[in-house]
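These notes concern the structure reproduced below.
Values quoted throughout were computed directly from the atomic coordinates according to the rules given, and no laboratory measurement underlies them. Since the structure is predicted, the reported quantities are computational estimates derived from the model, not experimental observations. Heads up, the Cβs are rebuilt from the backbone with ideal geometry, glycines too, and the neighbour counts pull from every protein chain shown.
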Amino acid sequence: MADKIQSIRGFADILPDATPAWRFVESTMQETLEAYGFSEIRLPVVEKTELFARSIGEVTDIVEKEMYTFADRNGESVTLRPEGTAGCVRACIQHGQLHNRTPRLWYAGPMFRYERPQKGRYRQFHQVGAEVFGHQGPDIDAEMILMTGRMLRRLGLDDVELQLNSLGTAEARAAYRERLVEYLGGHRDALDEESRRRLETNPLRILDSKNPDLQPVIENAPRLLDHLDEGSREHLRGLESILAAAGQRYRINTRLVRGLDYYSRTVFEWVSDRLGAQGTVCAGGRYDGLVSQIGGRETPGIGFAAGIERLVALVEEVGSVPDAPAPDAYVVIGAPSALGAAHALAERLRDRCPGLHLQVHSGGGSMKSQFKRADRSGARYALVLGEAELAEDRVTVKDLRGGIEQRTLGQQELATLFGGAAGNDDNRESGARSGT
């Protein structure tokens with residue numbers, strides 16, 4: 001016997017018992033996004049490596065260590081997308097979506113990063129994200145934050161905390177970076193190996209370190225918030241004013257820097273400690289220089305992304321996933337001669353009763369075993385079609401949950417039971433047979 005082939009480490013199967021939670025998360029987020037005027041865009045999984053090196057930043061951990069990058073058959077360097085914003089911006093520039101427009105776009109799908117697999121973190125992971133282009137003011141920042149908060153509440157996640165910060169303009173951040181490097185350089189002996197490496201490449205990420213030994217150094221570091229340009233200060237004040245008017249609680253976290261180089265001014269995260277250590281549930285921010293960085297005209301933008309795996313774990317933790325719908329009815333086949341008639345009956349009912357969940361027994365077996373299968377399916381009714389029912393052109397209806405007595409109905413009455421429209425399908429069937 002050949003060895004069993006296993007899935008690749010960090011690439012998880014999503015089995016049927018998990019998919020109801022996934023559908024709940026995805027559909028809730030889609031409905032909320034569309035209620036706020038967002039349209040879906042579908043993006044390639046593979047992009048040119050240059051796109052991510054130019055947008056995310058060549059010295060970020062993602063580009064340096066985590067991307068799935070390879071040469072295609074033409075020798076061009078391509079990469080499995082590690083995030084969605086860069087591809088969305090590229091698509092908007094390529095297809096003229098930003099010319100005299102202010103698009104609101106959302107996307108969903110798998111992303112890929114070569115990280116150490118652990119609980120809730122995979123090498124193929126899934127995100128829902130959204131981007132808005134062409135708005136300079138803090139009003140769109142506030143709306144995106146309020147929208148993501150509404151998403152989380154609709155998912156039953158009421159105890160997540162909103163954290164805010166401002167990264168200022170690129171110029172203000174460059175000046176602050178010099179001050180920070182000077183300060184951290186004076187504490188080099190206290191830095192761990194990773195932080196020493198970041199000191200030369202991306203020192204702001206040191207502020208986000210979770211190493212407890214570094215916390216005293218980080219706590220006393222200069223604050224970016226104290227070195228903002230006046231325009232960024234005014235932008236943050238405007239954002240805070242709108243959130244306060246909307247009753248949205250938040251906390252300023254001066255150590256919130258995000259891991260991608262393209263962010264500017266507003267950054268935000270929704271965090272929760274329900275899965276152990278405090279973790280990010282949903283995050284985003286402004287990237288006013290990214291469009292021009294990728295080759296488009298100077299265009300402001302803001303976006304967010306949320307990891308579906310983490311959201312699924314959270315909704316399962318709080319128990320907010322709706323029960324998967326059971327079939328409305330299960331067709332029990334009382335005689336071999338009724339097999340074809342059972343499927344014909346089921347198709348007529350599906351035609352007349354939109355939304356009806358109906359399962360026809362397959363695999364043979366005794367009436368007793370079929371009724372056991374019907375009961376296990378969770379169906380309310382068993383519809384029995386045997387020789388007697390065939391002879392009378394009727395169907396026996398058994399309420400498996402004990403609400404009504406067993407009865408025998410004609411097919412018109414059966415359609416009415418399930419809220420369907422009465423009518424004769426003979427013309428439709430004749431047309432289907434004749435190809436008209």
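A helix-only calculation puts the chain at -11000 deg cm²/dmol for mean residue ellipticity at 222 nm, using -39500 (n - 2.57) for each DSSP H run of at least four residues, averaged over all residues.
The distance between label points at Glu298 and Gln94 comes to 2.7 nm (points 7 Å beyond Cα on the Cα→Cβ vector).
The fewest-to-most ranking of Cys282, Cys92, Cys353 by surrounding Cβ atoms within 10 Å reads Cys353, Cys92, Cys282.
For Lys368, Lys48, the sequence from fewest to most other C-beta atoms within 10 Å is Lys368, Lys48. Close lysine pairs were tallied over the chain: pairs 8 or more places apart or on different chains with Cα atoms under 21 Å apart number 6. Based on C-alpha pairs under 8 angstrom that are at least 6 apart in sequence, segment 218-319 has a relative contact order of 17 percent. Per-residue Cβ neighbour counts within 10 Å put Tyr250, Tyr262 in the sequence Tyr250, Tyr262, beginning with the fewest. Protection proxy ranking for 167-175, 376-384, using the average of other Cβ atoms within 10 Å per residue and placing the highest first: 376-384, 167-175.
Look at where the Cα atoms of segment 1-53 and of segment 172-234 average out, and the two centres are 34 Å apart.
Could you state the angle between the C-alpha long axis of helix 19-35 and the longest principal axis of the C-alpha atoms of the chain, as a value from 0 to 90 degrees rounded to the nearest 10? With rounding to tens, the tilt is 70 degrees.
For the chain, the relative contact order works out to 15 percent when only alpha carbon pairs closer than 8 Å and six or more residues apart are counted. The alpha carbon gyration tensor of segment 329-420 gives principal lengths a ≥ b ≥ c with a/c below 1.5, which makes the shape rounded. Dividing the mean sequence gap of close Cα pairs (under 8 Å, 6+ apart) by how many residues segment 329-420 holds gives a relative contact order of 33 percent.
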